[in-house]
Amino acid sequence: MLANGISSSFVPSNLEMLRFAPELILSVAGTLLMVLDPFFGEGKKSPKIFGHISIVAFLLAIFGAVEANTVAGPAFSNLLIVDGFATYFRVLVLVIGVFAVLSSYLYLDREAADTCEYHALLLFSVAGQCLMVSSNDLIMIFIGLEISSIASYVLAGYLRNDRRNNESALKYFLLGSFATGFLLYGVSIVYGVTGTTKLDEIRTFLAAPGVPTGYVALAAALMIVGLGFKVSGAPFQVWAPDVYQGAPAPVSAFMATAPKAAAFAIFLRIFVTDFDKIGSSWEPLIWISALLSMTIGNFAALTQTNIKRMLAYSSIAHAGYLLVALAARSEIGTAAAMFYLAAYALMNIGAFAVVIHICGKGEKNVLISDLAGLGQKQPLTAGLLTVFVLSLIGVPLTGGFFGKFYIFRSALESHLVWLAILGLLNSAVAAYYYLRLLVVMYMHEPGEATESLEPLSPGLGLALALPAVGTFVLGVAPGAVLALATAGAALTK
């Protein structure tokens, strides 16, 4: 025992601190940004320094996550677990963070809103997501979720003088808090039945013969509500179109990718691992949610004229595809979901980057018709958007194609034949509203929005080019990422 009465087992070792490195780096960098604000804040010479520091922090955190994986194992009394699964998702959300900053430079400069708060909130939100995906305890998952969510609520209303931002933040906060309540009720029931909140101990408890599972099945249903909101899965998706449309475009891109990836990581770790023994109880709920998400998302997107709102409904549909993989309840399904989340993040970040480029000050050009003639005025930008659109459809040689292929294959191997068939039909419906973007870009005469477009800024150019390259790599040579996903998925069984 130590002099103050605290057991030495609770004093973090250097090894544990290394395993916790990404979260530490992001938290320290976020705090540093706020300290630097008086020197580089409003009216000062170099406000872009905040973005530069954020990118450096994200890159250091990626390095820290990779290094932590070399000493994989539990940390802090088994509250955290660093393994291939956690490392995969850590790196994924950190890469999304880099792209979020790159796509924000032009937008924040245009809106005269480049402050330390924006970048600090991004860093803290991603830190919460890293904590979520590496948690081995339901309470730690909740803490990570709240760190990420609270920062996201504020980011949604970042432009305080914009009523759309205010409405977006208020809706997101109220509905998000309500959904979190369901998650906490589920966690409390699990603790009441099993006497623990640690995931490995819950799994051991449920694996024992003769254990009553009725209350745990109820807890699983409540947790599906909470996590279903976070991934914008139907029927808990009603917030997404309004929030994505009202939030600043770079924040919409971030919310559609990073928090969703982290929430799906928790979905997979809890349900495929801990609740697998009661899978027959929750699988029909996931089945129904997957079908509703694909159908509602795709058919609602058909009628949209606002690009951000269309992409919001598109993200609901893609949540449905990912829920198909979860319903498969297999290693193949988990690996397929992990691969698809990487592909989805790249193509969605890229599509939103084009929206950021064309929307103009005050986001006045966010209609699909505002893309008219983009193929004539800026062929490179139009070509990059074409790559993302084709990947969202699932055309061969893109990451989206292989992602959907692996997901539907996992559904067939788990005998979810009808769900796979309905998913494929939904993909055909989605092709219509995605192809409409290409028709407007290449077959319509330039409009006011495209006539006044400036050349791509360096940051936005990188936020377009790098995801486009990644989308092609995942479509042509998916082996490396799929191998990492497969290795990480094996740890959930």
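Given all pairs of different Cα atoms, what value in angstroms does the Kirkwood hydrodynamic radius of segment 252-396 take?
Computed over Cα pairs of segment 252-396, the Kirkwood hydrodynamic radius comes out at 16.4 Å.
Please tell me the relative contact order of the chain in percent, rounded to the nearest whole number, where contacts are Cα pairs under 8 Å and at least six residues apart.
Relative contact order of the chain: 15 percent.
If I model segment 370-493 as equal point scatterers sitting on the Cα atoms and use the Debye formula, what is log10 I(q)/I(0) at q = 0.15, 0.18, 0.22 Å⁻¹?
-0.82, -1.02, -1.24
With the crude spin-label approximation of a point 7 Å out along Cα→Cβ, what separation in nm comes out for ASP200 versus LEU36?
3.9
Relative to the compact globular guide of 2.2 N^0.38 Å, what is the alpha carbon radius of gyration of segment 12-490, as a ratio?
Cα Rg divided by the expected 2.2 N^0.38 Å: 0.93.
Fewest to most neighbouring Cβ within 10 Å: what's the order for CYS116, CYS130?
Taking fewest neighbouring Cβ atoms as first place, the list is CYS116, CYS130.
Pairs LYS171/LYS404; LYS260/LYS364; LYS260/LYS404; LYS171/LYS364: which exceed 20 Å Cα-Cα?
LYS171/LYS404; LYS260/LYS364; LYS171/LYS364
For segment 339-378, go through all pairs of different Cα atoms, get the mean of 1/r, take its inverse, and jot down that Kirkwood value in Å.
About 11.3 Å for segment 339-378.
At a Förster radius of 25 Å, what calculated FRET efficiency corresponds to the Cβ-Cβ distance of ALA431 and VAL476, to the nearest 0.05?
0.75
Using DSSP to define loop residues, name the GluC sites (Glu not before Pro) in segment 25-112 whose beta-carbon has at most 13 other beta-carbon atoms within 10 Å.
Sites meeting the loop and neighbour criteria: GLU42.
Which aspartates and glutamates, if any, have their Cα less than 12 Å from the Cα of LYS230, not counting same-chain residues under 8 positions apart?
Result set, ordered by chain and number: GLU146.
All other residues with a Cβ under 14 Å from the Cβ of TYR344 taken together, and with Lys, Arg as +1 and Asp, Glu as -1, what is their net charge?
Here the charged neighbours net out to +2.
What Kirkwood radius, in Å to one decimal, follows from the Cα pairs of segment 21-173?
In segment 21-173 this quantity evaluates to 16.0 Å.
At a Cα cut-off below 17 Å, give the aspartates and glutamates reachable from LYS361, other chains included and same-chain residues fewer than 8 away excluded.
ASP109, GLU111, ASP114, ASP162, ASP370, GLU448, GLU451, GLU454
Can you sort TRP282, TRP287 so the residue with the fewest Cβ neighbours within 10 Å comes first?
TRP287, TRP282
For SER149, what is the net charge nearby, where nearby means another residue's Cβ is under 15 Å from its Cβ and Lys, Arg count +1, Asp, Glu -1?
Net charge in that neighbourhood comes out at +2.
Would you order MET34, MET255 from fewest to most other beta-carbon atoms within 10 Å of each residue's own beta-carbon?
By the 10 Å Cβ count, ascending, the order reads MET34, MET255.
Simple spin-label model, 7 Å along Cα-to-Cβ: GLU111 to LEU170 in nm?
According to this spin-label approximation, the distance is 1.8 nm.
Determine the distance separating the Cα centre of segment 147-207 from the Cα centre of segment 384-456; give it in Å without decimals.
30
Between SER77 and ALA217, what is the spin-label point distance in nm, taking each point 7 Å from the Cα along the Cα→C-beta axis?
Between SER77 and ALA217, the label points sit 3.4 nm apart.
Net charge near PRO446, counting Lys/Arg +1 and Asp/Glu -1 over other residues with Cβ under 13 Å of its Cβ?
-3
Bear in mind that the values in this text are calculations on the coordinates, not laboratory data. Please read all numbers here as calculations on a predicted model, not as lab measurements. Ideal geometry is used to build each Cβ from the backbone, glycine not excepted, and the neighbour counts take in all protein chains shown.
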